[in-house]
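Read the structure below first, then the notes.
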Amino acid sequence: MPINESMVQDIVQEVLAKMQIQEAPTGKHGVFKDMNEAIEAAKQSQKIVRKMSMDQREKIISTIRKKICQNAETFARMGVEETGMGNVGDKILKHRLVAEKTPGTEDITTTAWSGDRGLTLIEMGPFGVIGAITPCTNPSETVLCNTMGMLAGGNTVVFNPHPAAIKTSIFAVNLLNEASLEAGGPDNIACTVENPTLETSNIMMKHKDIPLIAATGGPGVVTAVLSSGKRGIGAGAGNPPALVDETADIRKAAQDIVNGCTFDNNLPCIAEKEIVAVSSVVDELMHYMVTEQGCYLASKEEQDALTAVVLKGGRLNRKCVGRDAKTLLSMIGVKVPSNIRCITFEGPKEHPLIAEELMMPILGVVRAKDFNDAVEQAVWLEHGNRHSAHIHSKNIDNITTYAKAIDTAILVKNAPSYAALGFGGEGYCTFTIASRTGEGLTSASTFTKRRRCVMSDSLCIR
Ligand code: NAD
């Protein structure tokens, strides 16, 4: 095959991206051996940030946005290479989303009351140095998005990232500090340690200079943070059900659900993890999923084999998390063409591949006898996480009933789950959804404390 110019450019891009991965800078710009040193550096940096104008903070955030866009592919390749999870194309989109739709200083607002007795303001002030714990599923996305919001609120941040994604997280910390320096800000707006462990996490949680901890991860970390005695923002696990009723556009529902479920190989905590459909539409829905949306219909034997591999010894097998459908099927000796992007089957809600949060493109379908039964089963499957749920319906009463019953931080109607992150839907982006502690989709204002400033009997000039 003759090599043309665009092929050469593609190869050059790929080689450059790989070189950047190998040359990812460590040991500078926010990276420390010792957690206490990291916290001290972030503390000194916050003293400078505190004195900066909102305009200066915004300049740093703009530079961060620019640098994330420039490095989106490097981050994506690095994340996949280091963790073995997700896919490069979708990770590029996730980084662009962070760059473009994470709120900045515009999220920091003032509330005012003015009247006969004077003027009272509520202003959003910084906490200081925030401790943040981040997952391996969206490692750089979370570090970048958290820092932009925390900085907009006047804070600096110390991360204890997931050890399985430390290289990618360090690359993000480096980029954040480089952006700050480039925009005239201080170094160490974001800090971390070279080797994050439970011990470094404990040091951070107990440190006198950390007043607030934001934990993004599974139930263990959120419980640990909420038991620390500090204020905690807990962004925990989910198991989002997608409910389909008889009024839905079934063909579109199949497309939306499979698109959402397969995005970055199902790593986002908001992604569809199972379907609950009313009996009258189950066959049609699965027909479209299999014939038009690249779903592989797993037999009973294949489901059993998948369960044995994916939930080896009753525990989630990390080697399966974030893998694509073809790879998962190859683990049980089933070869499929590359257009297969999801695995489906019909089963009861108690089926382990349905009830567990798997974070891989396996989408079991639960049959419900009617809408009320579907709601009941979906609520059971969400396990009280109050995280995310989705519905495909044109019946407003049904949507309202479901929304009230499931009571989640996110409820997407008639779209793929990622619409909740501002991707094909209105609204801003975050990768820290504080399901457990109730802040919901975090943004700059979440990382501030409210302060009342009262001027009595003056400054009311009406
Ligand atoms: P994980 O719970 O294994 O790890 C998350 C982070 O917590 C890591 O940095 C880890 O080192 C740390 N950690 C774990 N246990 C800890 C403990 N006892 N004390 C201190 N630190 C501890 O999760 P993961 O596999 O990296 O990410 C996937 C999980 O996170 C899923 O359950 C997913 O739903 C959830 N998640 C939630 C959100 C959200 O916004 N709500 C976002 C992303 C991921």
Task: Odd one out for Thr291 among (1) more than 27 Å from Ala76 (Cα to Cα); (2) touching a residue at least 24 places away in the same chain (Cβ under 8 Å) - done: (2)
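Filter segment 229-243 for residues that are in contact with a Leu (Cβ under 8 Å, 6 or more places away or on another chain), open to solvent by less than 20 Å² (accessible area, probe 1.4 Å) and part of a strand (DSSP E or B) and give the result.
Start the filter on segment 229-243 by keeping residues that are in contact with a Leu (Cβ under 8 Å, 6 or more places away or on another chain), which leaves 230-234, 239, 241.
Filter once more, keeping what is open to solvent by less than 20 Å² (accessible area, probe 1.4 Å): 232-234, 239, 241.
Gly232, Ile233, Gly234, Pro241 - these are the residues of segment 229-243 that are in contact with a Leu (Cβ under 8 Å, 6 or more places away or on another chain), open to solvent by less than 20 Å² (accessible area, probe 1.4 Å) and part of a strand (DSSP E or B).
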Open item on the list: Please go through segment 393-422 and give me each residue that is within 16 Å of the ligand (Cβ to nearest atom), of a type outside the set (A, V, I, L, M) and open to solvent by less than 60 Å² (accessible area, probe 1.4 Å), ordered by number.
Closed with: Thr408, Ser417, Tyr418, Gly422
TODO: Please list, ordered by first then second residue, the pairs with beta carbon atoms under 9 Å, 6 or more apart or interchain, first in segment 188-213 and in contact (Cβ under 8 Å) with a residue 12 or more places away in the chain and of a type in the set (D, E, K, R), second assigned to a helix (DSSP H, G or I) and away from the ligand (no atom under 14 Å from the Cβ).
DONE: Asp209/Ile39; Asp209/Glu40; Asp209/Ala42; Asp209/Lys43
Open item on the list: On the basis of being small (Gly, Ala, Ser), over 18 Å from the mean Cα position of the chain (by Cα) and under 30 Å from Ala405 (Cα atoms), does Ala224 make the cut?
Closed with: yes
TODO: From Ser53, Ser45, grab the single residue that is within 27 Å of the chain's Cα centre (by Cα) and at pLDDT 95 or above.
DONE: Ser45
TODO: Would you be able to tell me the number of residues in segment 305-353 that are closer than 20 Å to Met286 by Cβ and exposed (fewer than 14 other Cβ atoms within 10 Å of the Cβ)?
DONE: 4
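The values are calculated or read from the model by the stated rules, or taken from the named source; none is laboratory data. It should be emphasised that the depicted structure is a prediction, and the values quoted were computed from it without experimental measurement. Note that we place each Cβ from the backbone using ideal geometry, even for glycine, and neighbour counts take in every protein chain shown. Quick note on the areas: whole protein, heavy atoms, side chains included, nothing else; ligands and nucleic acids left out. Shrake-Rupley method; radii C 1.70, N 1.55, O 1.52, S 1.80 Å.
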